[in-house]
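Asker: My structure is below; once you've seen it, I'll send some questions.
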Amino acid sequence: MDFEAYFARELDGVREEGRYRVFTDIKRHRGRFPHATRFVDGGTQAVTVWCSNDYLGMGQHPKVIEAMHDCLDECGAGAGGTRNISGTNHYHVELEAELADLHGKEAALLFTSGYVSNWAGLSTLASKIEGCVVFSDALNHASMIEGIRHSKAPYKIWNHNDVEDLDRKLAEYGPDVPKLVAFESVYSMDGDIAPIADILDVCEKHGAMSYIDEVHAVGLYGPRGGGVAEREGLMDRITVIEGTLGKAYGVMGGYIAASKDLVDFVRTFASGFIFSTALPPAIAAGAAASIRHLKHSDAERELQRERVAQVRRQLDILGIPHIDNPSHIIPVMVGDAKKCKMISDWLMDNHGIYVQPINYPTVPVGTERLRVTPSPVHGPGDITRLVNALSEIWSQCELARMATAA
C-alpha cells in the first residue's frame, strides 16, 4: 500500500469539503488580550481574538501571573515525574484542596487536561465497577465518549437533555445493575444548559451515579464559580464533578471532585493518571490563584455577562442569525462548511477579527457556525467592529437574516 498517497487523498477530500483545519499562529500580549499578533506569510497582523475559551481573561490576571512567577522561581520548571514517582509537588496538593472546597467535595484529583480527566475518570469507573452500564447524553464531548468506549462497558445513548428518555432507558435495568449517567452542564457548541435537577431526580430514582462535565461552566457560574450545579444548589447531589483549569481559569489541566474513596479509587486504577507526568508546579500555582480569586470576585463574571448581552443585542438588531441560549456561548449560524471557512478568513484578512470556523465533525454537517465568546476584556468598540463586519460579509454572501429586533 502507498501510505503517503492514502494520506494525501484523505486530506484532499477534507479540503474539498471545506473543513480542512488550519492553525492560526498568534501571540497573546499580557495586558492587551484579546488583542494579539498574528504571524502570517512572513509578516504580522494585529488581530482581536473572539473565539478564546479564556472566558474571563484570567490567563493574564496579575494574581495568576505573579503566582506562576513566584512558583517558577521557587520550584523550577517541571514536576520531575509522575504523581506516584517524585512528581507530587506541594502546589498540586494545595490546588486539589482548592478544587475540593470549590465543589463541596471531600477530595479532588488533578489531570493534565480536561480531556484526560474525562477519559481516565469515566473509563476507570465504568470498567472497574463490575457490570456497570453507562448512560451517555447524545451530545457529550468526545473525551467522554472515548472514555466510555475505552472502558468496554455496555452503554446507552439517551436523547440530548431528554429526561424522559433517560428515565425509560434506566428503567430497562434492574436495581442490582450498577448505573452511571454522564452528561454536561453547558454544551459548548450550542450553548444550551442541561436540566440538572431533573436529571438527578431520575438518577436517584434508579440508584444511578451521576457524572457531570462542568468544563464550560466552572469559574463562570455560581457565587464562587463552582459551575451551574453550584448556582442551582445541586453539587451535593452529584457523584462526580469534572472540570477544567484551561478555560475560565485561564491556565491548564483538568480534574474530578468527588468523595474521598471515589477519588482514591480513580487515583489507584486510572492509567491516564498513573503514567502521566504531573503538571508543572507553576501551572498548579497559577490555577490555584485563579480559583481563589474567582471564589471571592464576581466582577469578572458580571462584566462578561454584560458583554455577552451587548453582542446578542447588536446581532439581533442587524438580523445576524445566532442560537438563542442561556449561556455565554454565541453560535453564529452559517450552515455551510465552505462559506463558514470563507467568512472566517475574510473577517481575519479584512478586519483582523479572529473567529474560528466550527465544522464537522465538531458539529453536524449543515450546522456549521462561528463560535463567538465575548469576555470582560472585550470593549464596546471591539463589539461594534465585530458585529458591523459580520453584517458586511452577510450582505456580500447574500445570507439569510433573522427578523430584526424592534
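The values are calculated or read from the model by the stated rules, or taken from the named source; none is laboratory data. Note that this is a predicted model, so its numbers are computed, not measured. Quick reminder, even Gly has a Cβ in these numbers, built from the backbone with ideal geometry, and neighbours come from all protein chains shown. We work out accessible area using only protein heavy atoms, side chains counted, and drop any ligands, DNA or RNA first. Shrake-Rupley method; radii C 1.70, N 1.55, O 1.52, S 1.80 Å.
Asker: Could you figure out which of (1) open to solvent by 40 Å² or more (accessible area, probe 1.4 Å); (2) closer than 22 Å to M58 by Cα; (3) not acidic (D, E) isn't true of H378?
Answerer: So the condition that H378 fails would be (1).
Asker: Another question, if that's okay. With respect to K339, determine if the residue is within 21 Å of the chain's Cα centre (by Cα) and either basic (K, R) or open to solvent by 60 Å² or more (accessible area, probe 1.4 Å) (or both).
Answerer: no
Asker: If I ask for residues that are closer than 23 Å to V215 by Cα and open to solvent by 20 Å² or more (accessible area, probe 1.4 Å), which ones from segment 300-311 would you list?
Answerer: Listed by number, the residues that qualify are E300, E302, L303, R305, E306, R307, A309.
Asker: What helices (runs of 4 or more DSSP H) lie completely within segment 143-249 and have 2 or more residues being in contact with a Gly (Cβ under 6 Å, 6 or more places away or on another chain), modelled with pLDDT of 95 or more and not aromatic (F, W, Y)?
Answerer: Answer list for segment 143-249: 228-231.
Asker: Restricting to segment 312-323, count the residues that are of a type in the set (A, V, I, L, M), open to solvent by 10 Å² or more (accessible area, probe 1.4 Å) and in contact with a strand residue (DSSP E or B) (Cβ under 9 Å, 6 or more places away or on another chain).
Answerer: 1
Asker: Here is a check on your reading of the model: is R385 assigned to a helix (DSSP H, G or I) and within 22 Å of T24 (Cβ to Cβ)?
Answerer: Against the criterion (assigned to a helix (DSSP H, G or I) and within 22 Å of T24 (Cβ to Cβ)), R385 qualifies.
Asker: Additional query: Residues in segment 222-273 that are of a type in the set (G, A, S) and open to solvent by 30 Å² or more (accessible area, probe 1.4 Å): how many?
Answerer: Of the residues in segment 222-273, 4 are of a type in the set (G, A, S) and open to solvent by 30 Å² or more (accessible area, probe 1.4 Å).
Asker: Still on this structure, I have one more. Within segment 43-100, can you find the residues that are open to solvent by 20 Å² or more (accessible area, probe 1.4 Å) and among the aromatic types (F, W, Y)?
Answerer: Across segment 43-100, the qualifying residue is only Y91.
Asker: Which one of T48, T44 is of a type in the set (S, T, Y), in contact with a Leu (Cβ under 9 Å, 6 or more places away or on another chain), over 21 Å from A257 (Cβ atoms) and not in a loop (DSSP other than H, G, I, E, B)?
Answerer: T48
Asker: With the requirement that a residue be touching a helix residue (DSSP H, G or I) at 6+ places or on another chain (Cβ under 6 Å) and open to solvent by 10 Å² or more (accessible area, probe 1.4 Å), what does segment 324-336 give you?
Answerer: Within segment 324-336, V334 is the sole residue that qualifies.
Asker: H103 is checked against (1) out of contact with any Phe, Trp or Tyr (no Cβ under 9 Å at 6 or more places or on another chain); (2) surrounded by fewer than 19 Cβ atoms within 10 Å (Cβ to Cβ); (3) under 24 Å from T373 (Cβ atoms) and fails just one. What number does that condition carry?
Answerer: Among (1) out of contact with any Phe, Trp or Tyr (no Cβ under 9 Å at 6 or more places or on another chain); (2) surrounded by fewer than 19 Cβ atoms within 10 Å (Cβ to Cβ); (3) under 24 Å from T373 (Cβ atoms), the lone unmet condition for H103 is (2).
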